[in-house]
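J.: I'd like to ask some things about the structure below.
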Amino acid sequence: MDHQIGDTMTTFDARPRAATGPVPPPWLAAILLGGGTGQREAVYRFREFSALEPAYVATSRRFVESTLTSWDAQPIVFDVQLVVSELVTNAMRHGGGALQLRMLAAEAEVACVVTDYSRSAPTPAPPSVFAEFGRGLALVESLTRTWGWLTPPGPNKLVWACISLN
């Protein structure tokens, strides 16, 4: 949508910030791109060929709750569960299945990273009051400090989201 302001034409970009695929925060980029580990880390690996089962969304929520409770981060459990539910559902629906869920914590934030079997970028749906689906990435956007995706070498994609501990 173009807007005329005086003699200057500007373009309004209605896409969510994450639709451009921002880079992860430096601490997370070092881990995801450099192959390192976080100060605190937990990994749940989905079983091959069963990664399309809807029950894995509930399993993921339980994994988030037990992990964050052990990290003494109970105040953000519900928000992280919602974010992870959306990321795992998207991996199953659009990414050929979920491969793994990785939880990392460093500094003042927690990161959730879902690996799927696709290299296609997540695409937020245009907002629609009447749509049955398509609100998940908007929910992720609203609950996180930042989120995005990486397509490292190989057949998979990593979709990550960072939630502040404060």
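J.: Under 5 Å between amide hydrogens, which residues at least 5 positions from S118 or on another chain qualify, with H placed 1.01 Å from N in the peptide plane?
T.: K157
J.: Here's another thing I want to ask about it. For T89, T67, T37, what's the fewest-to-most ordering of other Cβ within 10 Å of each Cβ?
T.: Ordered by Cβ neighbours within 10 Å, fewest first: T37, T89, T67.
J.: Follow-up question, since we're still on this one. Fewest to most neighbouring Cβ within 10 Å: what's the order for Y117, Y44?
T.: Final ranking by Cβ density, sparse to dense: Y117, Y44.
J.: Under the Karplus relation 6.51 cos²θ - 1.76 cosθ + 1.60, θ = phi - 60°, what is the ordered set of whole-Hz ³J(HN,Hα) values for the range 61-78, x standing for Gly and Pro?
T.: Each residue's phi maps through the Karplus curve to give 4, 5, 4, 4, 4, 5, 5, 5, 5, 5, 8, 6, 10, 4, x, 9, 4, 4 Hz.
J.: Quick one: Karplus J couplings for the range 38-48, per residue in order, coefficients 6.51, -1.76, 1.60, θ = phi - 60°, nearest Hz, x for Gly and Pro?
T.: Result, rounded to whole Hz: x, 4, 10, 8, 9, 10, 10, 9, 6, 5, 4.
We did not get these values from a lab; they are worked out from the coordinates using the rules stated. Because the structure is a prediction, the values reported are computed rather than measured. Note that each Cβ is placed from the backbone with ideal geometry, even for glycine, and that neighbours are counted across all protein chains shown.
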